[in-house]
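Participant: Sharing a structure below in structure tokens format, with a few things to ask.
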Amino acid sequence: MNEQQIFILDDNDDFRESTAFLLEAMGYSVEHYGEHDTALQAMVKVGKEQPACLLLDIRMPEISGLDVHDLMQEREIDLPVIYMTAHGDVPLAVAAMEKGALTFLEKPLEDDELQAALDRALSDKVQKQRISAEERAALAESRKRLEELTLREREVAYGIVSDLSNKLIARQMSISVKTVELHRSRAMKKMEARNAAHLVRIIIACDAD
């Protein structure tokens, strides 16, 4: 039996069950919940020696993922948290990263991004120093790339972090939408960002103390 434990907290039954099925097929031990109290009761029992993490929906009807994260900290549930967010939830995702989330993924989940996030989350407990060294090197490279953006590219990039539309960014910068799209494309290419959510993660990490 694989000792790597994945918890899923998401109110969407179909999504939760299909994701659990996928992860079990990948060899993980999976517990999935649609209600936060039950999930917290299960997670609090996880021993410190067992690699485990939580896939957490950022938007749920009764409680937000951010509030669940607060409850985890109050109850000293020390698990890496991977937030899952639908398109348009960039501001909440930013708040999640500031709260201490390991990372966040956009729905529908891409298999390779999910696997990479889980590898990182589960290896933190057993290879913390090695991962930290790799992350420091990657962060230094990201900061270097951010500094190399032109002023306009940087302004557009931070507009994306603020969840501004291209039209609003154009209005604030007094340029055309097409010019914004050009700067956006160049910024994402220079930052090696796969999509807007990835760019947000990179910039938040670069700006963190």
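Read-outs: derived from the displayed coordinates by stated rules, not from any lab. What you see is a predicted model; the values in this text were computed from it and never measured. In this analysis, Cβ positions are derived from the backbone assuming ideal geometry, glycine residues included, and neighbour counts consider all displayed protein chains.
Participant: Modelling each spin label as a point 7 Å along the Cα-to-Cβ direction, I'd like the GLU148/MET26 distance in nm, to one decimal.
Facilitator: Taking the simple label geometry, GLU148 and MET26 are separated by 3.1 nm.
Participant: Work out the FRET efficiency for ASP111 and GLN50 from their Cβ-Cβ distance, taking R0 = 22 Å, and round it to the nearest 0.05.
Facilitator: E between ASP111 and GLN50, to the nearest 0.05, is 0.35.
Participant: Restricting things to alpha carbons, tell me how big the stretch 131-207 is in terms of Rg and Dmax, in Å.
Facilitator: That works out to 12.7, 43 Å for Rg and Dmax.
Participant: Among ALA138, ALA193, ALA25, which one shows the highest mean-square fluctuation when the chain is modelled as a Gaussian network with alpha-carbon springs under 10 Å?
Facilitator: Comparing ALA138, ALA193, ALA25 in the GNM, the peak value goes to ALA25.
Participant: Dividing the convex hull volume of the alpha carbon atoms of the chain by its residue count, what do you get in Å³ per residue?
Facilitator: 129 Å³
Participant: What percent does the relative contact order of the stretch 12-129 come to when contacts are Cα pairs within less than 8 Å and at least six residues apart?
Facilitator: Relative contact order of the stretch 12-129: 21 percent.
Participant: Can I ask one more? Around GLN73, with a cut-off of 15 angstrom between Cβ atoms, what is the net charge of the other residues, counting Lys and Arg +1 and Asp and Glu -1?
Facilitator: Once all neighbours under 15 Å are counted, the net charge is -4.
Participant: What's the magnitude of the charge dipole for the stretch 5-126 around its Cα centre, counting Lys and Arg as +1 and Asp and Glu as -1 at the beta-carbon? Answer in Debye, nearest 20.
Facilitator: 360 debye
Participant: Let me ask another. Grab the DSSP H runs of the chain that are 4 residues or longer, score each as -39,500 (n - 2.57), total them, divide by all residues and round the 222 nm result to the nearest 500 deg cm²/dmol.
Facilitator: Dividing the helical sum by the residues of the chain leaves -17500 deg cm²/dmol.
Participant: Could I ask something else about it? Ignoring the sites themselves, what is the longest stretch of the chain with no GluC sites (Glu not before Pro) in a DSSP loop and at most 10 other beta-carbon atoms within 10 Å?
Facilitator: Segment 77-209 is the longest.
Participant: Which of SER64, LEU92, SER176 sits farthest toward the positive end of the charge dipole of the chain, with +1 on the Cβ of Lys and Arg and -1 on the Cβ of Asp and Glu?
Facilitator: SER176
Participant: Using the Kirkwood formula on the Cα atoms of the stretch 5-126, what hydrodynamic radius do you get, in angstrom to one decimal?
Facilitator: Averaging 1/r across every pair of different Cα atoms and inverting gives 14.2 Å.
Participant: Obtain the nm distance between the two label points defined at LYS167 and ARG75 by a simple spin-label model: each point lies 7 Å from its Cα along the Cα-to-C-beta direction.
Facilitator: It is 4.4 nm.
Participant: Roughly speaking, what is the centre-to-centre gap between the stretch 90-108 and the stretch 7-34 when only Cα atoms are used, to the nearest Å?
Facilitator: Answer, in whole Å: 19.
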